[in-house]
Amino acid sequence: MGRTAWGIGGASALLVLAAGWWYAEGDAAHPFGDRRACAHSDVPLDQALGATGLSLPAGAEDVHYVSHAAAASGEVRLAVSLRSSRHALRAYLRDSHLVPDVDDLDDYNHGDAGNDPATLGLCGGARAILAPAAQVDQRRAAADGSAQTVSVAFQLSPAGTIRATADVQITVRAGG
């Protein structure tokens, strides 16, 4: 009985050590201690959003991002993957002045939309935005006045309206 207790105790200690190592290493892959941040991000999300002059849809869930403060022209400054309700996404598109009429998305229907999340450096099971989907592209000034291109890709229902809960990808490229 004594050997069994020592064996169980030793196995339990190893399990605790392994779990601690996994937790510590798992955090190392998340800059700023933010589990939403993907590896190689160099700016916290709030700061990156502020620099781009953007926000996220209200109540955004399953958020993952990668940020690059010193992105050269044409390179990704910020990429965010999230899930949003139809209501919140419609308000976001309207309030961010990305779409003049959220009831008319015909001009934005592009089949598959957005970029492959892996090529953007997105983590956490970020999903590709597959058809039916729409993508809104807009050149606009960043908070510091520099040029940037904002792309918002999101899922549509087969009827061409925003899904009740949609996968969304926001990408901001430096330059215009």
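Couple of notes before you dig in:
- Listed residue (LEU93, LEU49, LEU122) projecting farthest to the positive dipole end of segment 40-142, Cβ model: LEU49
- Local electrostatic count at GLY175 - Lys and Arg +1, Asp and Glu -1, tallied over other residues with Cβ under 10 Å: +2
- Vicinal HN-Hα couplings computed from phi for segment 63-69 (Karplus, 6.51 cos²θ - 1.76 cosθ + 1.60; Hz; Gly/Pro x): 7, 9, 8, 9, 10, 9, 5
- Local net charge near PHE154, Cβ-Cβ under 13 Å (Lys/Arg +1, Asp/Glu -1): +2
- Take every pair of alpha-carbon atoms less than 8 Å apart whose residues are at least six positions apart; their mean separation over the length of segment 56-176 yields a relative contact order of 31 percent.
- Note that segment 41-170 presents 46 Å² accessible area per residue, ligands and nucleic acids not counted, probe 1.4 Å.
- Inter-probe distance in nm under a simple model that places probes 7 Å from Cα toward Cβ, at ASP95 and ASP112: 3.3
- Put simply, the amide H of ILE162, placed in the peptide plane, has neighbours under 5 Å in SER157, leaving out anything fewer than 5 places away on its chain.
- Over segment 124-164: Kirkwood hydrodynamic radius from C-alpha pairwise inverse distances, Å: 12.0
- Point-to-point label distance, ASP62-ASP46, nm (Cα→Cβ direction, 7 Å offset): 2.6
The values are calculated or read from the model by the stated rules, or taken from the named source; none is laboratory data. Note that this is a predicted model, so its numbers are computed, not measured. Note that we place each Cβ from the backbone using ideal geometry, even for glycine, and neighbour counts take in every protein chain shown. With ligands, DNA and RNA removed, areas are computed over all heavy atoms of the protein, side chains included. Shrake-Rupley method; radii C 1.70, N 1.55, O 1.52, S 1.80 Å.
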